[in-house]
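Quick notes on the structure that follows.
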Ligand code: ATP
Ligand code: ZN
């Protein structure tokens with residue numbers, strides 16, 4: 001038990017698409033949670049963190065009010081609710097987009113053709129902003145779930161809904177025609193945290209960034225003929241410079257370095273071409289630089 005009254009209170013989704021990733025992120029940050037199964041609130045034994053499990057729609061309000069100090073929520077919900085909170089960090093999961101979709105049988109002739117249409121959505125504010133920015137007036141019907149069935153049952157002409165793969169739209173005979181917003185989960189914070197809470201948030205953020213960075217990078221080990229070492233090392237950025245160790249076989253060295261995901265395949269091909277052998281690629285758990 002951490003002996004302090006000062007805890008950071010975090011709000012995460014109770015159940016749904018963000019739940020697993022939010023809990024996993026905290027675990028990867030080395031934060032053990034008790035009684036996650038109760039799913040109302042819990043606290044950590046090894047970090048002064050208290051976790052509230054809430055509906056995602058309520059999280060911005062709770063953080064604005066200071067009931068929770070920080071929260072994890074999709075940008076879609078955050079921008080729709082328009083509460084006064086700060087975004088601390090993009091978390092890279094819960095990726096989706098808010099899109100306009102029309103019945104597949106209909107020919108779509110651009111944003112102007114939405115004029116006067118009935119649009120079903122759970123995001124009236126974002127849809128209104130989008131229409132306004134495009135000089136279109138339409139009739140927004142706010143519904144809280146199963147938006148995609150609205151055209152089929154005659155409730156609306158088109159929908160504005162969250163999409164990731166697009167399979168739900170497809171199954172409901174709809175096609176995506178406009179993107180209103182690209183969204184992912186973010187860490188938000190109350191605007192007036194005290195010094196102690198700020199300090200705890202910094203600690204948590206330091207860990208989150210180390211986890212995120214590790215996911216974007218791989219540890220690479222390879223064998224290099226000594227006469228090719230210079231060329232091979234030039235292909236490896238590493239954190240400072242690569243580690244080079246002699247192998248038992250004379251004339252060969254073992255080279256260790258870190259490669260980012262974006263440049264990974266390109267570099268591996270070049271390393272092979274430059275004479276590297278026995279290339280091993282290992283995931284990194286945490287990365288602090
Ligand atoms: P709650 O009961 O908490 O209100 P919900 O039904 O509103 O849950 P979920 O469907 O669990 O919400 O989605 C939570 C969040 O996951 C969304 O707000 C969005 O940020 C993200 N998300 C990612 N991909 C999708 C998708 N394809 N459809 C819906 N949400 C998605
Ligand atoms: Zn919700």
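Assorted remarks:
- Residue with peak Gaussian network fluctuation, the chain [Cα springs, cutoff 10 Å], from 240, 213, 175: 240
- Isotropic mean projected area of the C-alpha convex hull, the stretch 74-119 (nm²): 5.2 nm²
- Between helix 19-28 and the chain: long-axis angle, C-alpha atoms, 0 to 90°, nearest 10: 30 degrees
- The simple spin-label model puts a point 7 Å past each Cα toward its Cβ; for residue 272 and residue 129 those points are separated by 4.6 nm.
- Taking all Cα-Cα distances within the chain, those exceeding 30 Å account for 51%.
- Put simply, when 146-152, 30-36 are sorted by average Cβ atoms within 10 angstrom per residue, most first, you get 146-152, 30-36.
- Cα-based convex hull, the stretch 1-102, per residue volume (Å³, whole number): 107 Å³
- In this label model, residue 256 and residue 164 are separated by 3.6 nm, measuring between points 7 Å along each Cα→Cβ vector.
- Ordered from longest to shortest, the equivalent ellipsoid semi-axes for the stretch 96-183 are 17, 14, 13 Å, each the square root of 5 times a Cα gyration tensor eigenvalue.
- Value of Rg to Rh for the stretch 217-283, rounded to two decimals, is 0.93; Kirkwood radius and Rg both from alpha-carbon coordinates.
- Gyration tensor (alpha-carbon) shape descriptor, the stretch 83-235, a/c threshold 1.5: oblate
- The angle separating the long axis of helix 264-273 from the principal Cα axis of greatest extent in the chain is about 30 degrees.
- Largest mean-square fluctuation among 276, 214, 133, in a Gaussian network model of the chain whose springs join Cα atoms under 10 Å apart, belongs to 133.
- Computed from Cα positions, the angle between helix 195-215 and the longest principal axis of the chain comes to roughly 70 degrees.
- Listed residues 247, 91, 259, most fluctuating in the chain (Gaussian network, C-alpha, under 10 Å): 247
- R0 of 22 Å, Cβ-Cβ distance residue 34-residue 6: FRET efficiency to nearest 0.05: 0.75
- FRET efficiency, 1/(1 + (r/R0)^6) with R0 30 Å, evaluated for residue 171 and residue 264 via beta carbons: 0.30
- Beta bridges from DSSP with both residues in the chain: antiparallel share about 75 percent, rounded to the nearest 5.
- Considering only beta bridges that DSSP places wholly inside the stretch 96-183, some 65 percent are antiparallel.
- Note on the chain: helix-only mean residue ellipticity at 222 nm, from DSSP H runs of 4+ residues weighted -39500 (n - 2.57) and normalised by residue number, equals -7500 deg cm²/dmol.
None of the figures in this text is laboratory data; all of them are computed from the coordinates on show. Since the structure is predicted, the reported quantities are computational estimates derived from the model, not experimental observations. Positions of Cβ are backbone-derived with ideal geometry, glycine not excepted, and every protein chain shown enters the neighbour counts.
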